[in-house]
Amino acid sequence: MFFKNTVLYVFFLGLPLVISCGHATKQRVHAELKQEFSTMAVPVQGTIPSWLKGSLIRNGPVTVSVDGKHNEHWFDGLAMLHAFTIQEGNVFYANRFLRTQAYDTVFNKKSLSYAGFAVDPCRSIFKRFFSLFLSSGPHALNNANVNVAKIADRYVALTETPLPVEFDPVTLETVGVLDYKDSLPHRDTWESAHPHCNPVTGDALSYLIEFGHQSYYCLYTIPANTLERKVIARIPVDRPSYMHSFAITEQYVILVEFPFVVNPLSLMLTSKAFIKNFSWQPERGTCFTIVKHSTGEIVGTYRSKKAFFAFHHINAYETDEGICCDMVCYDDASIIYDASDDMWEEQANRTIFHKEVKRFIINQDKRTLAEKTILRGDFEFPRINEKYDGKPYRYVYMTKPDKLWHAHEIRPLYKLDMEKGTTITWSQEGCQPGEPIFVADPMGQKEDDGVILTIVINIADHSSFLLILDAKTFTEQARATVQHQIPAGLHGQFFKLC
Ligand SMILES: [Fe+2]
């Protein structure tokens, strides 16, 4: 936890866990939400565009407590889905926990003893790390609390371990494990919770890490309407990097290996939880690997001497200058420690993280890697118009995470013009917006013809609302308010439901 003057803050990427002011009693602001709401109508202020029909479904870890103790690390909270469904200008809300092994452990066994990202109370030196991820067999329901996606026409929740968990997009009820019909590993791997669509074929495209005496980054695609992952490339790696996301262009996959790496053997031989086995090794620099996704050919590797870390790629695309790859960059990986209560590293006590929106330009003819800073500031959860994924684009939508949390904070949503490096913002005092999700106007012609949807927490009155902004001007179109605080979450998608 962070002690700063007389104020205690625990915060990460917009999540307040505990806040205590001066001599006042510690107050848990909103991190816990055990109540589930069945679909209910929500009052709307303003006018929702008539073309906007579908459901914003957002995932995220909810901190839970048992006998006065709560999750040590935010990423280990229980997966909860929230849905704001828009029909004919009306809005309906529902939320539901995924029914997972972790859920069963907390609510039925009254325990926090389930394995996760940064904690594993059951682990010992005699247990292989592989047993951590799925403690009860290959079809166990994972605590998939990071993202949602549509794969093979199924709606699934994703985290960074296999397998996806299918849910009903209307009721949010858990359907079961989405099991692939292929020969790739179904467990014991590390996955990306940020799959892409191949810009040419439209097929899902992602990667996993196979750990072993020889480890591999395995890029794969899932052809439409199948549950078969087809390998694009298996790239040997001695010290796998923690890579939360990756980028694609029309021809290439770009893997950026940050020097936050793990010795696979240590995963098997130590008693630490998964992420605590990783170490920051800046002397390794940062390595960009370019893979042609139609053939699996590695067409180049480029190493930046400068070490940095990123959770999120923004976009990448090809130009005459080379391949442009944009990210929200940190000086190092200590932001991961910041999400924990126990500060297992000294550097976790940092309260300021230096972030930049950066563009890296890889010129394959000259064999060069250049970089430039587009914007400095406090940003995260970058989203774009998904039609431009892998293609030249101009606009990024982001939010501002902050450790400090009180009713008078201003935390804007940003629209960044990547060409000019300028921003426009939306904000309301005491309100914390979540990830901004762009939905295109079906009649629109320009990149920013559409709306931004985000779930905003209103600290002042302990409520939350779906905010709908005009993406071009960032003016408010409408909001739909629920009378409870929705815990800060991670990622969501807008689905056009039939
Ligand atoms: Fe993410």
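Each reported figure results from applying straightforward, stated rules to the coordinates on display, with no laboratory input. What you see is a predicted model; the values in this text were computed from it and never measured. Here the Cβ is made from the backbone with ideal geometry for all residues, glycine too, and neighbour counts use every protein chain on show.
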Could you tell me the relative contact order of region 407-454? Use alpha-carbon pairs under 8 Å, at least six residues apart, and round to a whole percent.
32
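Under the 0.36 nm per residue contour assumption, what length would be gained going from the current alpha-carbon distance of residue 107 and residue 183 to full extension?
23.9 nm
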Charge context of residue 251, other residues only, Cβ under 13 angstrom, K/R +1, D/E -1:
-1
Run the reach check for residue 372 against lysines, Cα to Cα strictly under 24 Å, same-chain hits fewer than 8 apart removed. What comes back?
305, 306, 355, 358, 391, 400, 415, 420
Less than 14 Å Cβ to Cβ from residue 190, Lys/Arg counted +1 and Asp/Glu -1: what total charge do the surrounding residues give?
-3
Which of the lysines could be linked to residue 181 by a straight reach, that is with a Cα gap under 18 Å, when you skip same-chain ones fewer than 8 residues away?
150, 230
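How much net charge surrounds residue 173 when only other residues with a Cβ under 9 Å from its Cβ are counted (Lys, Arg +1; Asp, Glu -1)? Present the calculation step by step, with values, prior to reporting the outcome.
On the way: positive: 96, 99; negative: 168.
Spelling it out: positives minus negatives among the neighbours equals +1.
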Suppose each label sits 7 Å from its Cα in the direction of the beta carbon; what would the residue 45-residue 460 distance come out to in nanometres?
0.9
Round to a whole angstrom and tell me the spacing of the C-alpha centers of region 138-205 and region 45-65.
20
